[in-house]
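Chemist: The structure that follows is given in the form of structure tokens.
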There are 2 protein chains.
Amino acid sequence: MELSQRKRMILQAIIEDYIATAEPVGSRNIAKNHDLGLSAATIRNEMADLEDMGYLEKPHTSAGRIPSEMGYRFYVDSLMQRYSLTAQDIAGLQNTLDRKYDQLEAVISEISDIISKVTHYPTVVAFPKENKSRLRSVKIVLVEERLALVVVVTDAGVVKNKQVRFSSAVDYSAIDAVSSFISKNLTGLSAADFTPARMLLMYDAMGDYGELLKVVVSFVMECLSEDSARVYIGGASNILNNPEFSDIDRAREFLSFMDSRENVSKMLSLMGNETEDISIKIGSESGVDGMRDTSIVVANYNVGDKLHGKIGIIGPTRMDYARVVSSLEMINDRLSEILNRMLGQ
Amino acid sequence: MELSQRKRMILQAIIEDYIATAEPVGSRNIAKNHDLGLSAATIRNEMADLEDMGYLEKPHTSAGRIPSEMGYRFYVDSLMQRYSLTAQDIAGLQNTLDRKYDQLEAVISEISDIISKVTHYPTVVAFPKENKSRLRSVKIVLVEERLALVVVVTDAGVVKNKQVRFSSAVDYSAIDAVSSFISKNLTGLSAADFTPARMLLMYDAMGDYGELLKVVVSFVMECLSEDSARVYIGGASNILNNPEFSDIDRAREFLSFMDSRENVSKMLSLMGNETEDISIKIGSESGVDGMRDTSIVVANYNVGDKLHGKIGIIGPTRMDYARVVSSLEMINDRLSEILNRMLGQ
DNA sequence: GTTAGCACTCAGGAGCGGCGAGTGCTAACA
DNA sequence: TGTTAGCACTCGCCGCTCCTGAGTGCTAAC
């Protein structure tokens with residue numbers, strides 16, 4: 001059954017009031033504060049209907065109503081109006097974001113702080129990650145007798161490097177041999193191509209240099225597969241500004257979840273749907289246990305067509321979705337820009 | 001005035017009881033639970049003395065006593081007995097620490113998690129940092145036409161690198177020229193040697209390659225000065241296990257302090273005294289405002305003789321100092337070992 | 001269909017009294 | 001003189017009751 005226009009208006013009013021005040025909303029308040037041209041009694045009737053239909057809940061008989069998860073879902077999908085940030089917000093954002101960055105880490109942490117500051121919710125930013133990338137080139141730089149730097153470049157233009165320490169001195173000829181072997185045989189391969197059989201063959205073929213090759217190749221594989229999604233978590237304590245978390249056990253449950261990057265990165269990966277710009281999971285929709293009554297809003301960013309990542313915020317189900325969505329959209333655009341300039345070809 | 005042996009025993013009993021229970025300690029309890037051979041009345045008299053002398057405080061008339069900051073300080077300096085970790089603790093530690101690490105980041109975060117797990121307090125680990133290091137060598141690796149990797153090696157054996165993107169193609173001759181210029185003129189210099197005058201001269205001398213040189217040199221300087229102490233913060237939510245922080249405002253104050261790496265790294269740097277193995281700041285001793293009634297215990301670790309860092313925990317002044325100190329000592333040893341193996345020459 | 005009125009519900013806060021842990025003082029004892 | 005038992009006193013905490021007020025649902029009138 002479709003919701004009548006009047007029901008929609010009332011539902012929206014209730015949800016927005018509840019988002020603003022965190023207190024159950026009564027019919028009288030709606031009648032007074034929103035100019036709907038209806039008396040409290042009429043609104044009461046409509047509210048009873050909305051409750052029957054599952055959009056509202058009563059915490060107890062004599063309190064007002066609060067939105068159910070289904071109510072929030074309907075709000076987010078159909079009622080929510082795009083919120084425009086104030087000029088002040090935007091100016092502040094531009095200001096901080098216009099700095100020059102040269103370290104990925106610095107960009108990510110700064111972005112996270114900004115989101116926290118704007119939304120007043122805990123923030124999660126995933127580092128950009130590669131999709132099925134292929135090897136473009138490998139360089140081995142001998143730094144000292146027993147220390148080399150292995151530099152891997154993928155076709156997404158991403159450069160990774162790692163120090164490798166050897167137990168005995170390595171000479172240039174070994175390095176050269178391995179380098180040219182790799183560029184001849186491995187260029188253009190993706191992680192899936194590194195089958196055990198192929199690797200064995202390779203190690204054999206290289207004879208004396210097998211050991212060195214092994215070290216280098218295993219790092220190359222690491223770079224190409226790269227499924228360990230690194231995340232940056234910021235502003236976790238912001239959650240305590242919400243009365244939902246004024247209970248200390250509740251707060252601890254949330255914060256100890258957020259203390260673990262693994263938890264958070266797992267949760268992010270469950271958010272799926274990389275095609276949509278913004279995805280929202282309300283309460284139990286996230287499918288994560290430790291996170292009762294919290295919602296997650298995530299935006300996907302892309303760098304070129306091979307790199308992507310996610311930025312998001314986590315807050316109570318009673319969240320200012322409209323504001324969060326527009327903030328995320330805006331910041332996401334700027335982040336994509338910065339990263340494209342920084343990492344793009 | 002010196003404390004009598006009896007007063008010392010009583011003070012120790014009170015502090016240890018208070019650490020264990022977080023509740024003001026009364027004379028009767030001491031008489032009952034500690035076999036001091038004294039009646040409650042006697043202990044009462046001694047407690048009154050200890051209060052007069054400043055070692056104890058009364059939250060209100062009819063509660064027991066709690067230690068003052070001065071009381072804790074005396075305890076830490078003179079009364080505290082070295083605590084030995086249980087066999088189980090140690091086994092657990094060895095177990096996790098025996099993994100092979102090859103990424104600094106992984107070591108640091110793992111160490112932090114372990115300390116949190118053992119002590120149940122929030123943890124802070126500073127990344128190893130260099131002291132007045134000198135330039136050993138610089139390599140510039142051209143990765144693509146307009147992308148190079150600059151690798152800097154200091155005399156502490158530390159290798160840092162950074163991607164540099166150019167607006168126009170750079171050819172090998174430029175790279176070679178700059179490389180050899182640097183190795184001829186800058187080897188052995190420390191950050192202080194890079195005076196503006198000298199730099200200007202250099203840039204001029206290089207003529208066409210001045211731009212490239214500028215980029216490389218500024219990164220070299222960055223590596224040599226390196227005062228931005230990176231820190232890893234773990235287990236912050238552990239603070240909520242302590243009844244001192246069951247008040248939500250208190251918890252928020254603490255956690256929002258911990259949300260900022262800058263705050264924490266600044267606080268760490270105030271801990272000073274890199275010669276001592278362990279340093280302890282109790283309550284206001286830390287000189288940091290946002291951290292009422294918290295204590296900090298920090299251990300210094302060294303890698304070779306040029307690199308050092310700090311690991312520490314932060315908790316309520318009512319902290320199990322004995323356990324924390326021994327845990328930190330033990331973990332610190334293992335960390336030094338791992339890092340020396342990993343980064344040492 | 002809308003609204004006014006009314007009886008009913010129920011969480012939250014204020015007020016109050018009793019309990020008990022703890023103190024300080026005094027007087028007796030070794 | 002130091003130690004201890006006894007006792008009056010203090011005061012935070014807990015649980016109880018009562019009251020208030022916001023909010024509901026129903027009914028009857030417009």
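What follows draws every value from the coordinates through simple rules; no lab data is involved. Since the structure is predicted, the reported quantities are computational estimates derived from the model, not experimental observations. FYI the Cβ positions are ideal-geometry reconstructions off the backbone, even for glycines, and counts take in every protein chain you see.
Chemist: Under the rule a/c < 1.5 gives rounded, and otherwise a/b versus b/c splits prolate from oblate, where does the protein assembly as shown land using the Cα gyration tensor?
Modeler: Oblate, since a/c reaches 1.5 and b/c is not below a/b.
Chemist: Additional query: Answer rounded, prolate or oblate for chain B, using the Cα gyration tensor with square roots of eigenvalues a ≥ b ≥ c: rounded when a/c is under 1.5, else prolate when a/b is larger than b/c, else oblate.
Modeler: Note, shape of chain B comes out prolate.
Chemist: Still on this structure: Rounded to the nearest 500 deg cm²/dmol, what is the calculated helix-only ellipticity per residue at 222 nm for chain A, with -39500 (n - 2.57) per DSSP H run of length n ≥ 4?
Modeler: -14500 deg cm²/dmol
Chemist: Which residues in the range B:3-30 place their backbone N less than 13 Å from a point set 7 Å from the Cα of B:Asp49 along the Cα-to-Cβ direction?
Modeler: B:3-11
Chemist: Can you tell me, using C-alpha contacts under 8 Å and at least 6 residues apart, the relative contact order of the range A:35-116 as a whole percent?
Modeler: Taking the mean separation of contacting Cα pairs over the length of the range A:35-116, I get 14 percent.
Chemist: Another question about this same structure. Can you list, shortest first and in nm, the gaps between the label point of A:Leu270 and those of its counterparts in the other copies, using a point 7 Å from Cα in the C-beta direction?
Modeler: Distances between equivalent label points, in nm: 4.0.
Chemist: Considering only B:Asn300, B:Asn29, B:Asn185, give the residue with the highest GNM mean-square fluctuation for chain B, with springs between Cα atoms whenever their separation is below 10 Å.
Modeler: Answer for the Gaussian network model of chain B: B:Asn185.
Chemist: Counting Lys and Arg as +1 and Asp and Glu as -1, each charge on the Cβ, what is the dipole of the protein assembly as shown about the Cα centre in debye, to the nearest 20?
Modeler: My answer is approximately 320 debye.
Chemist: Which of A:Tyr203, A:Tyr55, A:Tyr301 ends up with the largest GNM mean-square fluctuation for chain A, with Cα atoms connected below 10 Å?
Modeler: Among A:Tyr203, A:Tyr55, A:Tyr301, the largest GNM mean-square fluctuation belongs to A:Tyr203.
Chemist: Listed here are the pairs B:Lys7/B:Lys58; A:Lys162/B:Lys184; B:Lys32/B:Lys58; B:Lys160/B:Lys184; A:Lys266/B:Lys117; A:Lys139/B:Lys162; which of them are more than 25 Å apart at the Cα?
Modeler: A:Lys162/B:Lys184, as the Cα separations exceed 25 Å there.
Chemist: Got the relative contact order for the range B:135-225 handy, in percent, Cα pairs under 8 Å and 6 or more residues apart?
Modeler: Relative contact order comes out at 28 percent.
Chemist: With the Cα gyration tensor of the range B:135-225 giving a ≥ b ≥ c as the square roots of its eigenvalues, does the rule (a/c under 1.5 for rounded; else a/b larger than b/c for prolate; else oblate) give rounded, prolate or oblate?
Modeler: Here the range B:135-225 falls in the oblate category.
Chemist: Now, a different point. Relative contact order for the range A:289-336 using alpha-carbon pairs under 8 Å, separation at least 6, rounded to a whole percent?
Modeler: That works out to 40 percent.
Chemist: So, R0 is 51 Å and r is the distance between the beta-carbons of A:Ser180 and B:Lys266; what FRET efficiency does that work out to, to 0.05?
Modeler: 0.55
Chemist: Nm distances between the label at B:Asp208 and the same-position labels in the remaining copies, 7 Å along Cα→Cβ, shortest first?
Modeler: 4.1
Chemist: Among A:Asp293, A:Asp17, A:Asp171, which one shows the highest mean-square fluctuation when chain A is modelled as a Gaussian network with alpha-carbon springs under 10 Å?
Modeler: In the Gaussian network model the winner is A:Asp171.
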